[in-house]
Amino acid sequence: MLQSRPKFNFKILLLGDPAVGKTSLVTRFVHGKFTKDYLVTVGMEPYSQHVKIGSTSITLNIWDIAGQQEFQSLRTLFFKGAKATVLVFDLTRRDTFENIYDWHQESDKSAGNQFFLLIGNKNDLKDQRKVYRREGNQMARELDRCIAYIETSALTGHRVEEAFIKLGTKILVSEEEKLRHI
Ligand code: G3D
Ligand code: MG
């Protein structure tokens, strides 16, 4: 008899200051391209992408959540059930890096027990960089349950897929572990 395999469907939040490249990153990952003709995210935009990890197919539901301050009360309503959060800052704007602590805290408070991945985006703008790689690595070590620091470019596609797959793999391993204990 064929045994039905569990279906893995993971909700992932994408958080960070406005204009750090959240929508560009998820568009790059899901549609494989960089586009300038989308609207500024208002509220929340859900994206879905299937990926294969080893022999297991999983679906990542990525919630692109607006970074504007005025959405704060609304925002946390969308956090429920998330398995992980991608924290994004812009390598060319130091304030977006410093604000990561607040984003981490906001998600940690509302979304419960989950993983984090820290992304420094726009690494194609090499001569405008304001944050050193070692500072990103250091922050990833400081943030609770942060699995890694990865520098990406939504423009060139550099390490974008790798970042989401790394996080998906971490969640999958943890969920499979839970299933073994049922
Ligand atoms: P957000 O969803 O976090 O608010 P967006 O950010 O994805 O809307 O991106 C904000 C701006 O940064 C956009 O430019 C976008 O084209 C640009 N951007 C996003 N990712 C990258 C990247 O990796 N490299 C470079 N060079 N630019 C990027 P505009 O001009 O439309 O404001
Ligand atoms: Mg956006």
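Where a number appears in this text, it was derived from the coordinates with a stated rule and is not lab data. Predicted model, so just to flag it, every value in this text is computed and none were measured.
General remarks:
- Across segment 59-182, Cα pairs under 8 Å and at least six residues apart give a relative contact order of 23 percent.
- Counting 0.36 nm for each residue step from Tyr101 to Lys130 and taking away their Cα separation leaves a gain of 8.7 nm.
- Of Lys166, Lys52, Lys11, the residue with the greatest mean-square motion in the GNM of the chain, using alpha carbon springs below 10 Å, is Lys52.
- Among Leu172, Leu25, Leu117: highest mean-square fluctuation, GNM of the chain, C-alpha pairs under 10 Å: Leu172
- Residues with amide H under 5 Å from that of Arg93, placed H, sequence gap 5 or more: Lys130
- Of Gly157, Gly16, Gly120, the residue with the greatest mean-square motion in the GNM of the chain, using alpha carbon springs below 10 Å, is Gly157.
- Distance distribution P(r), the chain, all Cα-Cα pairs, bin width 5 angstrom from 0: 1, 8, 18, 22, 21, 15, 8, 4, 2, 1, 0, 0 percent.
- In segment 81-182, one over the average inverse separation of all distinct C-alpha pairs is 14.2 Å, which is the Kirkwood hydrodynamic radius.
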